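Structure, as structure tokens:
The values are calculated or read from the model by the stated rules, or taken from the named source; none is laboratory data. Model, not experiment: these values are computed from the prediction. With ideal geometry, Cβ positions are generated from the backbone for all residues, glycine too; neighbour counts draw on all protein chains shown.
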Amino acid sequence: MARLVVLGGGVAGHTTATFAAKWLGSDHEVVVVTPNAKWNWIPSNIWVGVGQMTKKDVTFDLAPVYAKAGIDYRQAKAVSLNPEGSESSDKPFVTIEYTSADKAGETENIEYDYIVNATGPKLNFGATPGLGEGSQLGEHTVSVCTADHAVHASEKLQEAIEKMKGGTRQKFLIGTGHGMCTCQGAAFEYIFNIEHELRKAGVRDMADIKWISNESFLGDFGMGGLHMKVGGYVVSSKLFAESLYAERNIEWLIGAHVSKVEQGKVAYELLDGSTGEETFDFAMLIPPFAGVGLKAYNKSGEDITDTVFAPNGFMKVDADYTPKPYAEWKASDWPRTYQNPTYKNMFAAGIAFAPPHLISKPMKSPNGTPINPTPPRTGMPSGIIGKAVAHSVCDMITKGENAHLHEASMAEMGAACVASAGKGIFTGTAAAMTVYPVVPDFEKYPGTGRDTDYTFGEIGLAGHWIKHILHHLFIYKAKLNPGWTLIPE
Amino acid sequence: MIKEIIKYPTPLSVEYAVDVRVFNNELFALIDNLKDTINENNLDALSAYQIGSFYNVIVVKDDNDEFVEMVNPRLINHKGRIITTESTAYYPGKTAQIQRFETISVVYQDRNGNDKSLQARGDFSVRIQRKIDYTFGATFVQKMSKEEKEKFEKSLENGINTTNADYCPTVFFRDKILKLINVVMFFMLLPLVASFFIDNEQTLQTLWSYQLYTIYGVIGLNIIYFFYAQYEGKRYVACSSCQLGNIVGTTAISLVKLFVITVASYFLLHVR
């Protein structure tokens, strides 16, 4: 009997663990280690953050689902990896620290035959002074990265709305809280939901709304932008985004690295080297992501973290990490199997793998501060990668360690993105976009690097319906309800 | 080399504007061609897109009439707004009122790939903004207000979006079917109103039977709409598959309306 340990229970980890448990059956063991008691459909946190959904709507308890799937669930966080075992045993193991109320703080070594690192990101609030401490959100701003953060954001939003109803003008600052953030799409969706809610509450005229981000142009979204078909016409995501901001009277400041957050104001540095300050009454700033800080040790207990992980804490996989100038970036630099090059029984899925380089054009200020979006690896790509990794591990367990590995390169997969502007079934204007491939392939598709037949967008009500459908469909799938395997990632 | 400036109604390009990744002789030649073309045509600025290149490159004359070469320009910050009357070489002889930023901060690269930045105000700022529009595949039309755009479109013989292979119409025949459905359903409301003024049971039953035939008819029209709309969408490769969502939704809304009318008819005409 082989044991697969999956670290993390987000989109990637949950997908890997549930498919592996299904394919392996009771002949082998699947263990999930995740510090959270609940699964969270993160895209809907946006609606929690504006009070249109509750935490209960976007989360469910993991324990009964894993019990149903025959998965050994440990509510704990991974602390370190010993891929070569210890001096007394050759069996690799992971050290975990329990976070559940009954065993909080207890540690345990879990031996494994295969391990998948799907820990997701550490929300690195601490990277920007004043934004927070370590992975803890600070007191000056709000976030929608977790369901609890979103509930807090919604409460603060209601307070701001009450103030506006009382005649006090409020300034909203939404965007990214560091020059190396990703997830611009989430902030983009949140700002338009905020605008919609303020309009609904009848206080839009009392609000100044401003976008601040590390993108060098509106509509970059961490993917270097895209050209899409909107209503049959080819439009750059820059024009698409610019028109949305203009129509809704939302100001913007881009190419910005937020360098410090204080009560009611942020300090920033721009790509041209200039610095400035922006005031706010309500700010939602996405933090940068980092690896969760897993350590790795060899058989004799020496620290080999640098061998297993990239400097940003994400796990090295089968990517080409050779530093190259922008002009030489290739689709083939991106990983295909997500297998660690040193330890073949280790894989990474979702945000936890180290990307070889950015997708957007790399940029820095004259002071040397890098200000550019980092590659998004959330949602659809996370699910697809998680399933491919589960396939590979299952084949290695059942067919032998030299089994052919399954591939899911982000340079060969598409992704869909729906940015709502409200939650209405009959009113609203969501932006629905698909992009193929996520990572541009300049050799295959000269020019934009993308297949414009499969890269398109629509503004309209259909996006709201799609978002509603995805919400229910993916929670249904994650709960492993009948037919869950038929729902694609 | 002097290049021909693409002018309306020729579509600007079949390609899409993209960033320059390699700084080589091809780029230098492109920049020189832009300058030659500006001088020949007595212009103050030109984007590579306007002479048929898909690279994000613009050449703009500053307030001292000196050329500023900008590769991969990005407008990152702005202050103030002004309304300007603009013309562009793409629409010869046409002008339009456009809202622009008064002062802008731009980052860009020079021909050797070095990072540069500048702040511009007034006419120079407007010229740069106009050309940056082109780098992402647009013209000043996309910056017009709705009213200005409608006015401008009327002044163009072939409309703003000139026909090409990638064209997806914005008005379909299926919209006529939808209009017919809505008109029929509007007339279905009339017997409901009339029922409040009719006491004769037999007349009400007759109206109900007519209403029933109409209900079947509207269901039929919805089925026709649903399938024809998909057929029509597929005739144009440029029409995205997201249309399916809108078609399903439109049909669903129409059927919900019909359901409400049917229920009201049943109680007001049939079992009253």
Answer with yes or no whether A:L244 is part of a helix (DSSP H, G or I) and touching a residue at least 12 places away in the same chain (Cβ under 8 Å). yes
Return the residue satisfying two criteria in turn: it lies in the range A:105-136 and is surrounded by 14 or more Cβ atoms within 10 Å (Cβ to Cβ) and among the small types (G, A, S), and of such residues it is nearest to A:H28 (Cα to Cα). A:A118
Conditions (1) of a type outside the set (G, A, S); (2) within 14 Å of another protein chain (Cβ to nearest Cβ); (3) surrounded by 19 or more Cβ atoms within 10 Å (Cβ to Cβ); number of the one not met by B:V68: (2)
Please give the number of the condition A:G379 fails out of (1) within 14 Å of chain B (Cβ to nearest Cβ); (2) in contact (Cβ under 8 Å) with a residue 60 or more places away in the chain. (1)
Across the range B:78-106, which residue is surrounded by the fewest Cβ atoms within 10 Å (Cβ to Cβ) among those that are within 14 Å of chain A (Cβ to nearest Cβ) and within 20 Å of the chain's Cα centre (by Cα)? B:Q99
If B:V20 meets every condition in (1) under 28 Å from B:E102 (Cα atoms); (2) under 24 Å from the mean Cα position of the chain (by Cα); (3) not assigned by TED's automatic domain parsing to the domain that holds B:I104; (4) not aromatic (F, W, Y) apart from one, which number is that one? (2)
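Taking the condition under 23 Å from the mean Cα position of the chain (by Cα) and more than 14 Å from chain B (Cβ to nearest Cβ), does A:A403 pass?
Answer is no for this residue.
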If a residue must be surrounded by fewer than 17 Cβ atoms within 10 Å (Cβ to Cβ) and either more than 12 Å from every other protein chain (Cβ to nearest Cβ) or part of a loop (DSSP other than H, G, I, E, B) (or both), how many such residues does the range B:114-147 contain? 6
Which of the residues spanning the range A:364-384 are modelled with pLDDT under 90 and among the basic types (K, R)? A:R377
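Please verify whether B:A165 is in contact with a Leu (Cβ under 9 Å, 6 or more places away or on another chain), outside the structural domain of B:F54 (by TED's automatic domain parsing) and either modelled with pLDDT under 90 or under 30 Å from A:D453 (Cα atoms) (or both), treating the condition exactly as stated. Working first, answer last.
Details: in contact with a Leu (Cβ under 9 Å, 6 or more places away or on another chain): no; outside the structural domain of B:F54 (by TED's automatic domain parsing): yes; either modelled with pLDDT under 90 or under 30 Å from A:D453 (Cα atoms) (or both): yes.
No.
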Please give the strands (runs of 3 or more DSSP E) falling wholly within the range A:151-238 in which 1 or more residues are at pLDDT below 95. A:227-230, A:233-236
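What residue, of B:D32, B:D36, B:D19, B:D44, is at pLDDT below 95 and more than 14 Å from every other protein chain (Cβ to nearest Cβ)?
Values: B:D32 fails: at pLDDT below 95; B:D36 fails: at pLDDT below 95; B:D19 fails: more than 14 Å from every other protein chain (Cβ to nearest Cβ).
None of the others qualify; the one that does is B:D44.
With respect to A:G276, determine if the residue is at the interface with chain B (Cβ under 9 Å from one of its Cβ atoms) and modelled with pLDDT of 95 or more. Step through it out loud before you land on a result.
Values: at the interface with chain B (Cβ under 9 Å from one of its Cβ atoms): yes; modelled with pLDDT of 95 or more: yes.
So A:G276 passes the test.
Hey, can you tell me all the residues within the range B:35-65 that are of a type in the set (F, W, Y) and either outside the structural domain of B:K131 (by TED's automatic domain parsing) or surrounded by 24 or more Cβ atoms within 10 Å (Cβ to Cβ) (or both)? Walk me through it before giving the result.
Taking the range B:35-65 first, the residues of a type in the set (F, W, Y) are B:49, B:54-55.
Passing the criteria: only B:Y49.
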Of all residues in the range A:232-265 being aliphatic (A, V, I, L, M) and more than 24 Å from the chain's Cα centre (by Cα), which is farthest from the other protein chains (Cβ to nearest Cβ)? A:I250
Those residues that are more than 9 Å from chain B (Cβ to nearest Cβ) and either part of a loop (DSSP other than H, G, I, E, B) or farther than 30 Å from A:T427 by Cβ (or both), I need them from the range A:451-467; list them, please. A:D451, A:Y454, A:T455
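Being in contact with an Asp or Glu (Cβ under 9 Å, 6 or more places away or on another chain), more than 20 Å from A:I254 (Cα to Cα), free of Cβ contacts under 8 Å to residues at least 24 places away in the same chain and in a strand (DSSP E or B) is the requirement here; does B:T95 meet it?
yes
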Quick check on A:L271: is it within 25 Å of A:E155 (Cα to Cα), touching a residue at least 60 places away in the same chain (Cβ under 8 Å) and touching a Gly at 6+ places or on another chain (Cβ under 6 Å)? no
Please work out which one of (1) touching a Phe, Trp or Tyr at 6+ places or on another chain (Cβ under 7 Å); (2) within 30 Å of A:K265 (Cα to Cα) is the condition A:K316 fails and give its number. (2)
Would it be correct to say that A:V317 is farther than 22 Å from A:A415 by Cβ, away from every other protein chain (no Cβ under 14 Å), buried (at least 23 other Cβ atoms within 10 Å of the Cβ) and of a type in the set (V, I, T)? no
Could you list, in sequence order, all residues of the range A:394-407 that are crowded, with 19+ Cβ neighbours inside 10 Å and out of contact with any helix residue (DSSP H, G or I) (no Cβ under 6 Å at 6 or more places or on another chain)? A:M396, A:I397
